[in-house]
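The values are calculated or read from the model by the stated rules, or taken from the named source; none is laboratory data. Computed from a predicted structure; not experimentally measured. So basically every Cβ, Gly included, is an ideal-geometry build from the backbone, and we count neighbours across all protein chains shown. Surface areas here come from the heavy atoms of the whole protein model, side chains and all, with no ligands, DNA or RNA. Shrake-Rupley method; radii C 1.70, N 1.55, O 1.52, S 1.80 Å.
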Amino acid sequence: MDPNTGEILALANVNDYDPNNYSDYDSFQRKNRCITDTYEPGSTFKAITLATLLDQNLCTENEIINVENGKYKYRDKTIMDTHKNKMLSVRGVLEQSSNIGMTKLIQRIDDEVLYKYMRGFGFGTVTGIELPGEVKGTLTKPSEWSLVSKAFLSFGYEMAVTPIQLVTAFSALVNGGILYQPQIVKRLLNPSGETNLEYKPREVRRIISQKTSDRMRNLLASVVKNGTGQKANLDFVNVGGKTGTSKILENGKYSESNYNSSFVGFFPVENPQVVCLILVNSPQVGGYGGLVAAPIFKEVTKRMLVSLEESYQNDSPK
């Protein structure tokens with residue numbers, strides 16, 4: 001997505017199908033899973049949580065949080081971290097993707113305020129993309145939350161999102177704080193090539209301040225430089241982003257072996273032009289978003305930049 005307009009630059013599902021031989025494929029292969037299927041976003045959602053807290057002046061980047069050496073009893077649940085640390089700054093909580101840090105920080109915000117921000121970012125409602133079959137995902141109201149819901153929401157569980165929702169929300173996170181409606185058509189031409197209808201960017205709402213967005217870009221750049229997103233790092237352009245790994249629900253229970261691994265990133269950090277989400281269902285190797293999805297993001301980004309450079313060279317005066 002172009003975060004400054006909401007334009008969808010590319011969208012793909014693998015496995016794909018051949019529309020000429022429609023009946024040779026099942027309904028799973030034929031549907032556009034970027035808009036029809038939901039998943040729990042896991043740690044990619046920590047960026048949304050942190051933006052909400054920063055926007056409400058409820059924490060600062062350098063504040064130190066006790067993350068309990070990776071194991072924390074919260075009410076009747078045990079919250080675990082993949083990377084064990086004793087103390088982390090708020091920046092470190094995002095870099096190291098600490099569930100415990102997020103669980104502690106989220107307690108500072110009022111339930112209704114948190115819900116308002118989550119709805120503001122577009123979760124629990126359709127984006128309005130002009131493609132058939134979009135679903136709205138799941139986001140329960142605070143009145144229906146359990147005593148541990150807020151903690152689990154802070155790191156992307158107890159909710160369901162579509163890939164299009166997440167990439168749209170992340171665009172608002174890094175573009176200065178404005179949510180745009182995703183668009184797939186730029187203009188409609190008549191047979192002689194003249195423009196009949198031009199689509200303008202559709203601004204939905206401002207969610208966070210420009211200052212909060214600037215801070216989030218900086219923090220998400222740290223995740224790629226120093227944290228779990230290092231496999232997305234590129235030498236020739238500054239990249240920011242967040243990894244995510246969430247267990248898949250199978251027959252009402254979380255699988256111990258199957259994960260959704262994801263990475264949502266953007267470039268360049270200074271003035272984001274592209275936001276890209278990579279989501280891999282049940283990878284056979286690696287499991288974690290930082291190991292599986294981040295390298296794919298890196299390859300996609302490299303190819304985009306090479307093709308942009310080639311088209312620029314072809315267009316420049318000889």
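For the stretch 188-217, the set of residues classified as closer than 24 Å to Glu270 by Cα and either among the basic types (Lys, Arg) or open to solvent by 80 Å² or more (accessible area, probe 1.4 Å) (or both) consists of Arg202, Glu203, Arg205, Arg206, Gln210, Lys211, Arg215, Arg217, listed by residue number. With respect to being among the hydroxyl-bearing types (Ser, Thr, Tyr) and touching a residue at least 60 places away in the same chain (Cβ under 8 Å), Thr49 fits the description. Restricting the stretch 300-318 to residues that are of a type in the set (Lys, Arg) and modelled with pLDDT of 80 or more leaves a set whose member that is farthest from Phe267 (Cα to Cα) is Arg303.
With respect to the stated conditions, Thr38 fails to be out of contact with any Pro (no Cβ under 8 Å at 6 or more places or on another chain), under 24 Å from Thr162 (Cβ atoms) and buried (at least 18 other Cβ atoms within 10 Å of the Cβ). Considered as a group, the residues in the stretch 218-236 that are touching a Leu at 6+ places or on another chain (Cβ under 9 Å) and either among the charged types (D, E, K, R) or surrounded by fewer than 14 Cβ atoms within 10 Å (Cβ to Cβ) (or both) include one that is modelled with the highest pLDDT, and that residue is Lys231.
Annotation: Asn15 fulfils all but one of (1) more than 22 Å from Glu134 (Cα to Cα); (2) touching a helix residue (DSSP H, G or I) at 6+ places or on another chain (Cβ under 9 Å); the unmet one is (1).
Of the residues examined, Ile100 is not one that is under 30 Å from Val14 (Cβ atoms) and of a type in the set (Val, Ile, Thr). Entry remark, the stretch 43-71: residues being of a type outside the set (A, V, I, L, M, F, W, C) and buried (at least 18 other Cβ atoms within 10 Å of the Cβ) number 7 in total. Considered as a group, the residues in the stretch 72-92 that are more than 22 Å from the chain's Cα centre (by Cα) and of a type in the set (D, E, K, R) include one that is least open to solvent (accessible area, probe 1.4 Å), and that residue is Lys77. Inspection of the stretch 141-148 identifies at least one residue that is over 24 Å from Leu58 (Cα atoms), without any contact (Cβ under 8 Å) to a residue 60 or more places away in the chain and either open to solvent by less than 20 Å² (accessible area, probe 1.4 Å) or not β-branched (Val, Ile, Thr) (or both). The residues on offer are Gly177, Gly137, Gly133, Gly156, and the sole one that is over 15 Å from the mean Cα position of the chain (by Cα) and either open to solvent by less than 20 Å² (accessible area, probe 1.4 Å) or on the phi > 0 side of the Ramachandran plot (or both) is Gly133. Restricting attention to the stretch 112-130, the residues being outside any loop (DSSP other than H, G, I, E, B), open to solvent by 20 Å² or more (accessible area, probe 1.4 Å) and closer than 17 Å to Ala160 by Cβ number 2.
Whenever a residue of the stretch 74-86 is at negative phi, its partners that are open to solvent by less than 100 Å² (accessible area, probe 1.4 Å) and acidic (Asp, Glu), lying with C-beta atoms within less than 8 angstrom and at least six residues away or across chains, give the pairs Lys86/Glu68. Restricted to the stretch 159-277, the set of strands (runs of 3 or more DSSP E) holding at least 2 residues that are touching a strand residue (DSSP E or B) at 6+ places or on another chain (Cβ under 6 Å), free of Cβ contacts under 8 Å to residues at least 24 places away in the same chain and more than 26 Å from Tyr288 (Cβ to Cβ) comprises 187-189, 195-198.
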